[in-house]
Amino acid sequence: MPTDETKKNSDWNQDILACRNTYTLLVGLKQLTEPFSKAGAKPMKQLAFWNAAATDIMRQLLAAGLAAQFDKFYIKVLLANYEAGFDFHSAIEDLKNTFSSADKTVSELAQTIDGIYHFRGE
């Protein structure tokens, strides 16, 4: 029976558009430098935007800014659509909550993104 850790690792896969797009954008925004195979396990607190000395309010603002960059790229550049029940505001809120959760991983971020956006080619 797979453990939670095995499940998380199996969700991080280059064949999944949300994973590939998340990784590419994080590298492009200089948030991480790891190879794809190791990036899925990286927690939010180890991304470049994370400031351990920041207050929770400041971290929320930084996370919201990063969420807006992601949304703009997915919608305007990749021409993704929102999944049912999502719009700009709810997408930003979900992304911000993930980015501001210290121990959430890049793989979990990709799962959040997969739930929010429908990418062309899926």
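Restricting attention to region 54-69, the residues that are surrounded by 15 or more Cβ atoms within 10 Å (Cβ to Cβ) and over 18 Å from Thr24 (Cβ atoms) total 5.
The condition of being acidic (Asp, Glu) and either within 28 Å of Ser37 (Cβ to Cβ) or in contact (Cβ under 8 Å) with a residue 12 or more places away in the chain (or both) does not hold for Asp87. Among residues of region 78-93 being surrounded by 10 or more Cβ atoms within 10 Å (Cβ to Cβ) and small (Gly, Ala, Ser), the one that is farthest from Leu66 (Cα to Cα) is Ala80.
Residues in region 69-83 that are touching a strand residue (DSSP E or B) at 6+ places or on another chain (Cβ under 6 Å) and among the charged types (D, E, K, R): Glu83 only.
Buried (at least 17 other Cβ atoms within 10 Å of the Cβ), part of a helix (DSSP H, G or I) and either modelled with pLDDT of 95 or more or more than 11 Å from the chain's Cα centre (by Cα) (or both): is that true of Lys72 in this structure? Criteria not met by Lys72.
Of the listed requirements (1) surrounded by 12 or more Cβ atoms within 10 Å (Cβ to Cβ); (2) touching a residue at least 12 places away in the same chain (Cβ under 8 Å); (3) not in a helix (DSSP H, G or I), Glu108 misses just one: (3). Given the structure, is Ala67 in contact with an Asp or Glu (Cβ under 6 Å, 6 or more places away or on another chain), within 14 Å of Tyr117 (Cβ to Cβ) and assigned to a helix (DSSP H, G or I)? It is false that Ala67 is in contact with an Asp or Glu (Cβ under 6 Å, 6 or more places away or on another chain), within 14 Å of Tyr117 (Cβ to Cβ) and assigned to a helix (DSSP H, G or I).
When Thr112 is tested against (1) touching a strand residue (DSSP E or B) at 6+ places or on another chain (Cβ under 7 Å); (2) closer than 14 Å to Leu25 by Cβ, just one condition goes unmet, and that condition is (1).
Within region 91-105, can you find the residues that are farther than 15 Å from Gln60 by Cα and assigned to a helix (DSSP H, G or I)? Walk me through how you get there before you give the answer.
The first filter runs over region 91-105 and keeps only residues farther than 15 Å from Gln60 by Cα, leaving 105.
Once the filter is applied, which keeps residues that are farther than 15 Å from Gln60 by Cα and assigned to a helix (DSSP H, G or I), region 91-105 yields nothing.
Of note, Asn97 does not satisfy the criterion of being over 30 Å from Ala52 (Cα atoms) and either surrounded by fewer than 20 Cβ atoms within 10 Å (Cβ to Cβ) or more than 15 Å from the chain's Cα centre (by Cα) (or both).
Taking region 36-53, which residues are in a helix (DSSP H, G or I) and surrounded by 18 or more Cβ atoms within 10 Å (Cβ to Cβ)? Within region 36-53, Ala39, Met44 qualify.
The values are calculated or read from the model by the stated rules, or taken from the named source; none is laboratory data. Here the structure is a predicted model, which means the values were calculated and not measured. All Cβ positions, even for glycine, are placed from backbone atoms using ideal geometry, and neighbour counts span all protein chains on display.
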